[in-house]
Amino acid sequence: MKTSRTLSRLLLALALAGCAHPPPTLPPGLADARFVLLGEVHDNPRHHRLRAEWLQALLADGRPTRVVFEQLDATRDAALNDARNATPADSHAIALAGGLDGKAWRWPLHQPLFDAALAGRAELAGGNLPRERIRAVVREGSVPAGLRPLLDAPGWTAQQQRDAEADIAQGHCGALPAAQIAPMALAQRVRDARMAQAMLAAPAGSRVVLIAGNGHVRRDRGVPHYLRAAGVPNSAIVAVALVEEGDNPSVGAYDQLQQTVREPRPDPCEAFKQGG
């Protein structure tokens, strides 16, 4: 009888512990999608923590998954895997081996995502190009040959180009010289195409998750555009943006929006005002 009561108390304690930390509610469609794109405002820690919870929940089903990080250099995947084999629990060392610029990305903001991916035994991959290659795109219009088919695929419209250039101008507070706007919009397209390429390289049948900024995961002209250009059906893609209070993304840019409180930060345009 004493053993029975002890077992009952133990089961009750476990049940209460489970209630104290309920599993996160995944946005609709994420669990079944082949291509999952999770956006962010880069300096908002709430966005990284919430997406890490979603990633942990996704990986709990054991489905083979590749996680592509905008923050990593796609040319460093071999070093990334070597570091993972050498120190499988050291997310910082692994991220650095994959080309993460800790200062630029304000590490450890993204650490919860790396920890979740490693704990869930996901494959990690870089999605971005080296900084010098992006500079070459801006300076010379030099697009890597392997990305040209995606950029030249039918479907990119004049309106998309205008919208992309408007985003670049707005993102630089109207202070960017007019001659630089189109080259920088091209660089954005090249990065989007490269991330799509990294997602497309995942083994057949596996789930692929992209961790990137909201601008990259938007359906109308971000990474999903290039996935579709490569033949991925629209129904296989789910794009979720994490936004802040007061943000008003374009209608239809994302499948779903999750809003959080705004992260306190200085006026990003102040530096441009002072420079002028």
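Throughout, read-outs are computed from the coordinates displayed, never taken from laboratory work. What you are looking at is a predicted structure, and each value in this text was computed from that prediction instead of being measured. As a convention, Cβ positions derive from the backbone with ideal geometry for all residues, glycine included, and neighbour counts pool all protein chains shown.
Details
- At most 14 other Cβ within 10 Å, DSSP loop - GluC sites (Glu not before Pro), segment 155-253: E245
- Burial order of peptide ranges 204-211, 66-73 (average beta-carbon count within 10 Å, highest first): 66-73, 204-211
- Model label sites at A119 and N85, defined 7 Å from Cα along the beta-carbon direction, differ in position by 2.6 nm.
- Segment 120-169 and segment 20-77 have Cα centres lying 22 Å from one another.
- Each helix, a run of at least 4 DSSP H residues, gives -39500 (n - 2.57); summed and divided by the residues of the chain, these come to -14000 deg cm²/dmol at 222 nm.
- Helix 45-59 axis versus longest C-alpha principal axis of the chain: approximately 60°, rounded to the nearest ten.
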